[in-house]
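Structure record follows, encoded as C-alpha cells.
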Amino acid sequence: MSEDKDQIRVSRRKFLEAGSAVLVAAAGIQVAQGQEKTPIRSSDHHLPDESEPVKPNDSLDKENPSSVWAPETDAGGQPPFKYSFSLSHKRQEGGGWTRQVTVRDLPISKKMAGVQMRLITGGIRELHWHVGAEWALMLHGNARITAVDQEGRSHVSDVTKGDLWIFPGGIPHSIQGLGPDGCQFLLVFDDGNFNEFETFLLTDWLTHTPPEVLAKNFDVPAETFAKVPKKELFIFERPLPRPLAEEQKQAEAGTGRVPNSFDFKPSEMKPTKVSKGGEVKIVDKKIWPATNIASAIVTLKPGGLRELHWHPNEDEWQYYVSGKGRMTVFAAGGRARTMDFQEGDVGYIDKSVPHYIENTGDTNLVFVEVFPTPFYQDISLAEWLAHTPSRLVEQHIEVGEDFLAKIPRKKMVITPE
C-alpha cells in the first residue's frame with residue numbers, strides 16, 4: 001500500500017512538472033508572439049525604436065524622407081544613385097559660373113556626367129571642344145551657339161528655354177548669353193569621368209604653340225599673335241554678337257551649313273505619350289538626325305507615376321528640373337532602395353535595372369532622362385506581363401488571370417492612364 005502511494009506521488013509530481021513545462025513553453029510562445037506583433041513603425045515615428053536622441057540635420061532629413069524612414073520594401077545595400085548640384089563646387093568667372101557632377105561625385109555614374117552653367121548677357125563659354133559628345137537643355141533665357149563640323153560646315157543659331165542642342169565629340173563650339181538676362185543650361189556628356197575644367201580651349205592651345213609656328217600655319221607675321229591671352233578665358237564677358245542672319249551668312253561662306261541641325265525644339269513636337277498622369281516626349285535619332293544621345297522629357301502630374309520599367313540598351317542619367325518625386329531602384333539579389341528628388345538633383349540607373357519615379361509633390365514633376373546612345377528603348381513591367389502567357393504569370397505571382405487579362409497591351413509609360 002505504501003509503495004502504491006509513493007508511485008502515485010511520483011506520477012503526480014511528474015505530471016505537474018510536465019504541465020508546468022507546457023505552461024512555461026506556452027507562455028514563451030505568447031511572449032514571442034507578442035513581441036512579433038509589437039509595432040516597430042509608426043506614421044509619425046513616435047515609437048521608442050524610431051527615436052533620435054541626437055538632433056539630426058533637420059532640413060536634410062525633410063528633403064530625404066525615403067532615406068530617413070525607408071519603405072518596408074527597401075532591402076539590401078543598394079549604393080546611392082543621387083547627387084545634388086547644390087553640393088558641387090561652383091567656379092565663378094567674370095562672364096558667369098559653372099559646376100559639375102561626375103563619377104568623382106557620384107560613383108555609380110560611370111558613363112555620363114553633367115554640368116550646370118550660367119552665362120550673363122554677353123557672357124561667352126569660349127571656343128572649345130571635348131572628346132565626348134555634349135547634349136544640352138536650356139533652363140533659362142537665351143543664347144547663341146556656334147559650331148563647325150569636320151567638313152568645315154557651320155552651325156550658328158539662337159536657342160531659348162526648353163530647346164536642346166548636341167555637339168558630337170570633337171566638334172568645336174561656343175555658347176554666348178543673350179539679352180535680356182543671359183542664360184542658364186544643363187549639359188550632359190557621354191563620359192562619367194568628364195571634367196568641365198579640363199577641355200580643349202582655343203586660347204590655351206594658341207598660347208602653348210610657338211608664335212613662329214602659328215605664323216607659318218597662317219602665313220602671317222608672328223606679331224599677329226602678340227595679344228593672344230597667356231591664360232585661358234574659359235567664361236568671359238564681351239559685347240553681344242552681331243545679328244543672327246549676318247553671322248550665319250559669314251560663317252557659312254564657302255562650305256555652307258551643317259546638313260542636320262545641332263539644335264532641336266521639343267516645344268514644336270507633339271508628346272510621344274499623353275495620359276491623365278502626365279506626358280513624355282522622346283527625342284532620339286529617329287526625329288533628330290544630328291543627335292547620338294537619346295532623351296526623354298517627362299512631366300508627371302501630382303500623384304502621377306512613371307511606370308515600373310527598365311532600359312535594356314544603356315544606363316540612364318536623370319536631371320530633375322522642377323517639382324518633387326521619389327524613385328525606387330531594384331537591383332539583382334533582392335536589393336532595393338528608395339530616394340527622394342527635387343529641382344537640381346541628379347539620378348543615375350544602370351542598364352537593365354528596373355525602377356519607377358513617382359510625383360510626391362502638389363505641382364508637376366518635370367525631369368529628363370538621358371542615355372549615351374542614339375536610340376531610346378525601354379521595357380515596362382506591365383508590357384512584359386501582358387505579353388507573356390497568363391497561366392505562366394499566374395503560376396508565379398498568383399494575382400488571378402482576370403487581373404492579368406485587364407493589363408493594357410500597349411505601353412502605358414505614365415499612369416494613371
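The values are calculated or read from the model by the stated rules, or taken from the named source; none is laboratory data. What you are looking at is a predicted structure, and each value in this text was computed from that prediction instead of being measured. Ideal geometry is used to build each Cβ from the backbone, glycine not excepted, and the neighbour counts take in all protein chains shown. When the accessible area is computed, the model is the full protein with side chains, heavy atoms only, and any ligands, DNA or RNA have been set aside. Shrake-Rupley method; radii C 1.70, N 1.55, O 1.52, S 1.80 Å.
For segment 155-170, name all the residues that are in a loop (DSSP other than H, G, I, E, B) and free of Cβ contacts under 8 Å to residues at least 60 places away in the same chain.
Lys161, Gly169, Gly170
Name, by its number, the condition in (1) open to solvent by less than 10 Å² (accessible area, probe 1.4 Å); (2) within 23 Å of Ala133 (Cβ to Cβ) that does not hold for Phe341.
Against the list (1) open to solvent by less than 10 Å² (accessible area, probe 1.4 Å); (2) within 23 Å of Ala133 (Cβ to Cβ), Phe341 comes up short only on (2).
Could you tell me how many of the residues in segment 383-412 are modelled with pLDDT of 95 or more, assigned to a loop (DSSP other than H, G, I, E, B) and either surrounded by 15 or more Cβ atoms within 10 Å (Cβ to Cβ) or at positive phi (or both)?
Number satisfying all stated conditions: 3.
Residues in segment 276-286 that are touching a Pro at 6+ places or on another chain (Cβ under 7 Å) and surrounded by fewer than 18 Cβ atoms within 10 Å (Cβ to Cβ): how many?
Pass one, segment 276-286, residues touching a Pro at 6+ places or on another chain (Cβ under 7 Å): 276-277, 279-281, 283-285.
Filter once more, so that each one left must be surrounded by fewer than 18 Cβ atoms within 10 Å (Cβ to Cβ): 276, 285.
So the answer is 2.
Filter segment 214-231 down to residues that are open to solvent by less than 90 Å² (accessible area, probe 1.4 Å) and not β-branched (Val, Ile, Thr) and give me whichever is nearest to Thr203 (Cα to Cα).
Taking segment 214-231 as the starting set, the residues that turn out to be open to solvent by less than 90 Å² (accessible area, probe 1.4 Å) are 214-215, 220-222, 224-226, 228-229.
Next cut, not β-branched (Val, Ile, Thr) only: 214-215, 221-222, 225-226, 229.
Details: Leu214: 13, Ala215: 16, Pro221: 18, Ala222: 16, Phe225: 11, Ala226: 12, Pro229: 6 Å.
Here the residue is Pro229.
Would segment 114-125 turn up any residue that is small (Gly, Ala, Ser), farther than 19 Å from Gln342 by Cβ and at pLDDT 95 or above?
Taking every residue of segment 114-125 in turn, at least one turns out to be small (Gly, Ala, Ser), farther than 19 Å from Gln342 by Cβ and at pLDDT 95 or above.
So, of the residues in segment 53-97 that are assigned to a strand (DSSP E or B) and of a type outside the set (Asp, Glu), which turns out to be nearest to Asp181 (Cα to Cα)?
Gly96
To keep it simple, each residue is scored yes or no on (1) in contact with a helix residue (DSSP H, G or I) (Cβ under 8 Å, 6 or more places away or on another chain); (2) under 28 Å from Val115 (Cα atoms).
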| residue | (1), (2) |
| --- | --- |
| Phe194 | no, yes |
| Thr199 | no, yes |
| Thr207 | no, yes |
| Val213 | no, no |
| Phe225 | yes, no |
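Of all residues in segment 126-154, how many are farther than 16 Å from Gln116 by Cβ, assigned to a strand (DSSP E or B) and open to solvent by less than 10 Å² (accessible area, probe 1.4 Å)?
5
What helices (runs of 4 or more DSSP H) completely inside segment 172-256 contain at least 2 residues that are touching an Asp or Glu at 6+ places or on another chain (Cβ under 6 Å)?
Ranges flagged: 202-207.
May I ask you to list the residues in segment 295-326 that are within 20 Å of Glu63 (Cβ to Cβ), open to solvent by less than 20 Å² (accessible area, probe 1.4 Å) and touching a residue at least 60 places away in the same chain (Cβ under 8 Å)?
Correct list: Leu300, Tyr319.
For segment 58-85, which positions are open to solvent by 90 Å² or more (accessible area, probe 1.4 Å) and of a type in the set (S, T, N, Q)?
The answer is Thr73, and nothing else.
Can you report the number of residues in segment 89-113 which are of a type in the set (Gly, Ala, Ser), open to solvent by less than 10 Å² (accessible area, probe 1.4 Å) and farther than 21 Å from Gln78 by Cβ?
Residues flagged as of a type in the set (Gly, Ala, Ser), open to solvent by less than 10 Å² (accessible area, probe 1.4 Å) and farther than 21 Å from Gln78 by Cβ within segment 89-113 amount to 3.
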